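The values are calculated or read from the model by the stated rules, or taken from the named source; none is laboratory data. In this text, all values refer to a predicted model and were calculated from it rather than measured experimentally. We place every Cβ from the backbone using ideal geometry, glycine too, and count neighbours over all the protein chains shown. For the accessible areas, the whole protein counts, side chains as well, though only heavy atoms, and no ligand, DNA or RNA atoms are used. Shrake-Rupley method; radii C 1.70, N 1.55, O 1.52, S 1.80 Å.
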Amino acid sequence: MILKENVTCMFCGCLCDDLKVKVEDGEITDVKNACVNGRSRILNHSKERIDKPKLRKEGELVDVSFEEAIQEAVDILTNSKFPLIYGLSSTEVDAQRRAVELAEKVGGTIDNTASFCHGPSILAIQASGAQEATLGEIRNRADLLIFWGCNPAEAHIRHPTRYSITPEGMYIPGRSDREIVNVDVRETKTSKMSDIFLKVEPDKDYELFSALRASIKGYEVGGVGGVSSEEIEELADKMKNCDFGVIFFGLGLTLSAGIHVNVQGALDLVRDLNEHTKFVINPMRGHFNVTGANAVMTWTTGYPFAVNYSRGYPVYGPGEYTAIDVLVRKECDSAMVIASDPGAHFPASASRHLADIPTVLIDPKKNATAPFADVVLPPAAAGIECEGTAYRMDGVPLELDKIIDSDLPPDKEILEKIIQKLEGS
């Protein structure tokens, strides 16, 4: 029996790195310190696995060798005029770098899952900038925490206990020394953990941010979006007079009316607050390495997502080169999906075009995209069967461990072989 300690979880953007994993006879038998989601992810990593490469022949996916499957993937990309490479959020940094390299070589478009969730956050941050902080600094210093349009108690289960609401910090001893505010359209488990819950009407977030900014500047405001003037003034006063405040925001802002403008309102509010006290703002990122996908694409192409290489150099185009838009407009004539499942999450019109064009899937698990893929290449699972690096939701890179062995190659090796064959063709 082997007990591996300080293992990094690869479920969500929290990247909790204090897990203990028990390995017996080459199999994972127990996981401690993880939340229910992380524990399930690791213990059930072998379920619904794709064990062999597959090619579509006569309408059916059949088992083939890696060599044959990789050659078919190369042929698809070589014969394509406008290939799309998409995904990247559930693999490690080196694989993400290889995907960018591949996109450049084939003159294609590369996009990651941020375009489907926190893309509006990135656009707002590019326009206004953001005062952010690491989760460690927030744990140690923040005495006012506001969760806006997010529900970490259910989506990022250890975030409240490890980073925000209840942990013992260096300067904030415990829960009684923090004030927790939840702003959302409905009550959730997070609101039940909070001291104050403000129920805002759907699509009224920007108006509420504007009212808070006005109140902070000394103007009288009326009720906005179902929140009374008294509640607005009380929250504005708490925000101005805290020692260290933070807004954690989620898809409640980015996927409602206003999208990036909502986030812009939050960023402007935080900027105003820094004239009175220390205040920061952090997005609640979902997939365990979607932050890494944005970081890698930024330091390799200059842009965080939606990049096109048709001209031989990177061109940034949110709304033009984002995966859903390219698919809905039927512009791409082939696709490579890496560590993602657009078949389960994209609009029907986008998924239909994905099913109509030659598609290569690189993913360890059976998913909704696999049934209409033409080539399926199963890799070793990052953070379980191969090592690497991932970026936590606050931008801190952490090491992923290899816990057990696998006969399958990592994502980066599969992509390297495709690149080598392209260079030799």
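Once all protein chains are placed together, HIS353 keeps about 20 Å² accessible to a 1.4 angstrom probe. Which lysines have a Cα lying under 19 Å from the Cα of LYS81, excluding residues fewer than 8 positions away in the same chain? Here the lysines satisfying the reach criterion relative to LYS81 are LYS105, LYS330, LYS421. The listed residues TYR316, TYR309, TYR321 rank as TYR316, TYR321, TYR309 when sorted by accessible area, largest first, using a 1.4 Å probe.
May I have the count of lysine pairs in region 118-281 with C-alpha atoms under 16 Å apart, counting pairs 8 or more residues apart or located on different chains?
Working: LYS189/LYS199; LYS217/LYS238; LYS217/LYS240; LYS238/LYS278; LYS240/LYS278.
So the count of such lysine pairs works out to 5.
Helical content alone sets the calculated 222 nm signal of the chain at -10000 deg cm²/dmol, taking -39,500 (n - 2.57) per DSSP H segment of four or more residues and averaging over every residue.
Between TRP299 and ILE196, what is the FRET efficiency for a Förster distance of 45 Å, r being their Cβ-Cβ separation, to the nearest 0.05? Before the final figure, lay out each step's value.
On the way: r = 39 Å, r/R0 = 0.88.
That pair, TRP299 with ILE196, gives E of 0.70.
Can you give the local net charge around LYS52? Use residues other than it whose beta-carbon is closer than 15 angstrom to its beta-carbon, Lys and Arg +1, Asp and Glu -1. All intermediate terms of the calculation are to be shown ahead of the outcome.
Numbers: positive: ARG49, LYS54, ARG56, LYS57, LYS365, LYS366; negative: GLU48, ASP51, GLU60, ASP63, GLU67, GLU68, GLU72, ASP363, ASP407.
Summing Lys and Arg as +1 and Asp and Glu as -1 gives -3.
With a cut-off of 11 Å between beta carbons, the residues surrounding GLU137 carry a summed charge of +1, where Lys and Arg count +1 and Asp and Glu -1.
The separation of region 214-254 from region 1-72, counted between C-alpha centres, amounts to 43 Å.
Would you mind counting up the charge near LYS330? Only other residues with Cβ under 15 Å from its Cβ, with Lys and Arg at +1 and Asp and Glu at -1.
Around LYS330, the charge tally is -2.
Rg and Dmax of the chain, based on Cα coordinates, read 22.6, 71 Å. Against the chain, whose longest principal axis comes from its Cα atoms, helix 66-78 is set at around 70 degrees. By a 1.4 Å probe calculation restricted to protein chains, GLU67 has an accessible surface near 110 Å², given to the nearest 10. Note on the chain: with a GNM built from Cα contacts shorter than 10 Å, the maximum mean-square fluctuation among GLY265, GLY395, GLY174 falls on GLY174. Bridgeable aspartates and glutamates around LYS57 (alpha carbons under 14 Å apart, same-chain partners fewer than 8 residues away excluded): GLU68, GLU72, ASP374. Please determine, in degrees from 0 to 90 and to the nearest 10, the orientation of helix 205-216 with respect to the longest principal axis defined by the Cα atoms of the chain, where the helix direction is its Cα long axis. That works out to roughly 40 degrees. Based on the convex hull around the alpha carbon atoms, region 179-317 presents an average projected area of 10.0 nm². The relative contact order of region 216-320 comes to 19 percent, based on Cα pairs under 8 Å that sit 6 or more residues apart.
Over the chain, accessible surface divided per residue gives 41 Å², non-protein components excluded, 1.4 Å probe. Relative contact order of the chain: 24 percent, from C-alpha pairs under 8 Å at least 6 residues apart in sequence. Qualifying trypsin sites (Lys or Arg not before Pro) in region 39-135, where qualification requires a DSSP coil assignment and no more than 16 other C-beta atoms within 10 Å, comprise LYS47, LYS81. Once the mean of 1/r is taken over each pair of separate Cα atoms and inverted, region 133-225 shows a Kirkwood hydrodynamic radius of 14.2 Å. Solvent-accessible surface of protein heavy atoms, probed at 1.4 angstrom with all chains present, puts HIS45, HIS260 in the order HIS260, HIS45, largest first.
Grab the beta carbon distance between GLU168 and THR134, set R0 = 22 Å, and tell me the FRET efficiency rounded to 0.05.
Numbers: r = 17 Å, r/R0 = 0.77.
E between GLU168 and THR134, to the nearest 0.05, is 0.85.
Treating r as the C-beta distance of GLU67 and GLN126 and R0 as 45 Å, the FRET efficiency rounds to 0.60.
Listed by chain and number, the lysines placed with their C-alpha closer than 16 angstrom to that of LYS47 are LYS365, LYS366; residues fewer than eight positions away on the same chain are left out.
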